[in-house]
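Engineer: Starting off with a structure, shown below.
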Amino acid sequence: MKSNAPLGAAPARLNLETVNTLVEHQLELWPDAARRYRDLGKTQRKPLDMGALPMALQLNPARIVSTAADTSAQGIAARPCFLCAANRPAEQLCAEWMPGWDLCVNPFPILPIHFTVISREHRPQDAPPFEMAAMAEAAPDLAVFFNGARGGASAPDHLHLQCVLKSELPLLALAEENHPSSRHGFMSSEDFGLDLPFHFISAVITPDMEGAHTLMRIPGAFGIDAQGNHDPGLVNVFFWMGSDGYLRAVIVPRRSHRPHHYFAEGSDKIMVAPGAIDMTGLMITPRAEDFNRLDAPTVRQIYAEVAFADAIPGDIRHYFGI
């Protein structure tokens, strides 16, 4: 079912067979990336009770590159942009998926199918682009997601997206199960009546003018920082094709990127920096000591510090008309 989402030329269709072929071809040519994908089979997972949200920790040492990334203005200025074509590894294959966007296998995977979709133009990670909707429609097995500049993006200076299998993200299934397709537009997870560690906005986007208006609101999504400021960088956004044939989206408004545990010293430090995937029910821990000691109450506290556990603020609800 086509929505009014796509702007410009449509992206190439990606079915599951094509996706697997792209990954296999890339890994044949890039031994370091192939090793990291093989190592995913050795990663440990630990389930935690997060109420209605199926939740697990993943011990993934390779992700220290992202978790420990210096995303300060000074840190960004001191390094070349690793997403610009001129600075990418020679082994990395990238194909133009749709005009202006390169599809690349992510060399530091969280999941067995993990792509980065990179804007060919070096511009800031300032808002979720409309092209996400067209990409989700063209790749019905995948979820396309956006980390805001202060919501998990390790390269906030260069606009990029990521894709994984939608079946790997429990939050998306939860949204589908509790937001009926007959209820078009936006709905708050507060209205689901579930025990959740944080709240989010769900959307059903219909292929008509109503759906177009719903879609137009999403790039303006924002979080609210500790000083009460509206911040468009404090969001995670997901698009995917629902099992009902409708384009769907989830927006997670944020309070911050990293909890206080990240900045603690010595034995109090927990190196967790939640990005989009962490907010879907798979929290990434690069260090074994953090994986071993994290428990459900601490993870709930982390979610409450980086997102809105009690209620979505009124300004955000008003913006989405819920």
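The values are calculated or read from the model by the stated rules, or taken from the named source; none is laboratory data. Keep in mind that this is a model prediction, so the values were computed, not measured. Note that we place each Cβ from the backbone using ideal geometry, even for glycine, and neighbour counts take in every protein chain shown. These accessible areas exclude ligands, DNA and RNA; they are computed on the full protein's heavy atoms, side chains included. Shrake-Rupley method; radii C 1.70, N 1.55, O 1.52, S 1.80 Å.
Engineer: What's the total number of residues in region 206-220 that are surrounded by 16 or more Cβ atoms within 10 Å (Cβ to Cβ) and free of Cβ contacts under 8 Å to residues at least 60 places away in the same chain?
Structural biologist: So the answer is 1.
Residues checked against (1) closer than 26 Å to residue 216 by Cβ; (2) among the small types (Gly, Ala, Ser); (3) open to solvent by 20 Å² or more (accessible area, probe 1.4 Å):
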position	(1), (2), (3)
94	no, no, yes
113	no, no, no
127	yes, yes, yes
132	yes, no, no
163	yes, no, no
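Engineer: Is it the case that some residue within region 280-289 is touching a Leu at 6+ places or on another chain (Cβ under 6 Å), within 26 Å of residue 178 (Cα to Cα), open to solvent by less than 10 Å² (accessible area, probe 1.4 Å) and part of a helix (DSSP H, G or I)?
Structural biologist: Yes, region 280-289 contains at least one residue that is touching a Leu at 6+ places or on another chain (Cβ under 6 Å), within 26 Å of residue 178 (Cα to Cα), open to solvent by less than 10 Å² (accessible area, probe 1.4 Å) and part of a helix (DSSP H, G or I).
Engineer: Another one. Tell me, which residue of region 22-74 that is of a type in the set (S, T, N, Q) and open to solvent by 20 Å² or more (accessible area, probe 1.4 Å) is nearest to the chain's Cα centre (by Cα)?
Structural biologist: Going residue by residue through region 22-74, those that are of a type in the set (S, T, N, Q) are 26, 43-44, 58, 60, 66-67, 71-72, 74.
With the extra rule that they be open to solvent by 20 Å² or more (accessible area, probe 1.4 Å), the set shrinks to 43-44, 66, 71-72, 74.
Working: 43: 20, 44: 21, 66: 13, 71: 17, 72: 20, 74: 25 Å.
Going through the qualifying residues, I end up with 66.
Engineer: Hey, does region 242-259 have a residue that's within 28 Å of residue 165 (Cα to Cα), among the acidic types (Asp, Glu) and open to solvent by 10 Å² or more (accessible area, probe 1.4 Å)?
Structural biologist: Checking region 242-259: at least one residue is within 28 Å of residue 165 (Cα to Cα), among the acidic types (Asp, Glu) and open to solvent by 10 Å² or more (accessible area, probe 1.4 Å).
Engineer: Looking only at helices (runs of 4 or more DSSP H) that fall completely inside region 31-111, which ones have 2 or more residues that are closer than 24 Å to residue 151 by Cα and without any contact (Cβ under 8 Å) to a residue 40 or more places away in the chain?
Structural biologist: By residue number, 73-77.
Engineer: Here is a follow-up. Collect the residues in region 170-197 that are in a loop (DSSP other than H, G, I, E, B) and closer than 22 Å to residue 211 by Cβ, keeping them in residue-number order.
Structural biologist: Across region 170-197, the qualifying residues are 179, 180, 181, 182, 183, 184.
Engineer: Under 7 Å between Cβ atoms, which residue pairs at least 6 apart in sequence (or on different chains) link something in region 223-245 that is at negative phi and hydroxyl-bearing (Ser, Thr, Tyr) with a partner that is part of a strand (DSSP E or B) and open to solvent by 50 Å² or more (accessible area, probe 1.4 Å)?
Structural biologist: none
Engineer: Kindly indicate whether any position in region 255-268 is among the acidic types (Asp, Glu), within 21 Å of the chain's Cα centre (by Cα) and not in a helix (DSSP H, G or I).
Structural biologist: So far as region 255-268 goes, no, none of its residues is among the acidic types (Asp, Glu), within 21 Å of the chain's Cα centre (by Cα) and not in a helix (DSSP H, G or I).
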